[in-house]
Ligand SMILES: [Zn+2]
Ligand SMILES: [Zn+2]
């Protein structure tokens, strides 16, 4: 008999809630919302209600104690907002998600099987005004356009998909707002490929990105520690049987 066991399931009355950052996407035909993660599996676009796929392409259902894949979220919205300050994450939104299916609880967050996006928080428009909807950024992946929050003035002649219409694409329970707490995207600058032409672009020296990155490292380290502790527990006969 195999000694493999599914991750333990808790059965709470209401699904736990977590917070994360993700890159918002809109399907090519404009009818589907998508989200790309910021680390492992960042090339996968997930729908507002979706199951995690293994980012290592192993054939199993996340989460598993022997694989690092699955959806991740933090317990604390503030910690997710800190992550979003990092230069490389300025194109993200803050998501409030319901944690569904099997999940593993860590000190700072959870790793889990199934996710429903309940709230999408966009930062202000790059001009500083409140964002009112989303516009195409001009980037994307196969079948999906990357989008960003924009005010109506900056959208100009481009199509602005207003937040209420955007949220309706995800279903009746999803709410989308502009959130003043979030670090806004960098102002639009002439770009050559992904190279910014602005010599004084913030964060080029990496200092303002250091603290959030350390926080992310700490979260990952904690997950690993939990795993090692479990293995140790098994070896000494004190862990789960
Ligand atoms: Zn996996
Ligand atoms: Zn604007």
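Each reported figure results from applying straightforward, stated rules to the coordinates on display, with no laboratory input. Just so you know, these numbers come straight off a predicted model, no measurement behind them. We place every Cβ from the backbone using ideal geometry, glycine too, and count neighbours over all the protein chains shown.
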If I model a spin label as a point 7 Å beyond the Cα along the Cα-Cβ vector, how far apart are those points for residue 66 and residue 44 in nm?
1.9
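What number, in percent, do you get for the relative contact order of the stretch 19-102 if the mean sequence gap of Cα pairs under 8 Å and at least 6 apart is divided by its residue count? Provide the component values of the computation, followed by the final result.
Working: 116 pairs, mean separation 29.1, N = 84.
So the answer I get is 35 percent.
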The distance between the Cα centres of the stretch 59-77 and the stretch 133-167, in whole Å, is 30
Here the equivalent ellipsoid of the stretch 84-127, derived from its Cα gyration tensor, has semi-axes (largest first, whole Å) of 26, 13, 7
Label-point separation (nm) for residue 107 and residue 87, each offset 7 Å from Cα along Cα-to-Cβ?
3.0
Added length on full extension, which subtracts the Cα-Cα distance from 0.36 nm per residue, residue 127 to residue 13:
36.7 nm
Out of all Cα-Cα pairs in the stretch 1-147, roughly what percent, to the nearest whole number, are more than 22 Å apart?
41
Enumerate the whole-percent occupancy of each 5 Å bin, from 0 to the last occupied one, for all C-alpha pair distances of the stretch 19-94.
3, 15, 23, 23, 20, 12, 4, 0
May I ask you to order 61-73, 165-177 by the average number of other C-beta atoms within 10 Å around their residues, highest value first?
61-73, 165-177
How much length would be gained if the chain were fully extended between residue 234 and residue 169, taking 0.36 nm per residue of separation minus their Cα-Cα distance, in nm to one decimal?
18.8 nm
Extent of the stretch 72-151 along each principal axis, from alpha carbon coordinates, in Å, largest to smallest?
39, 30, 22
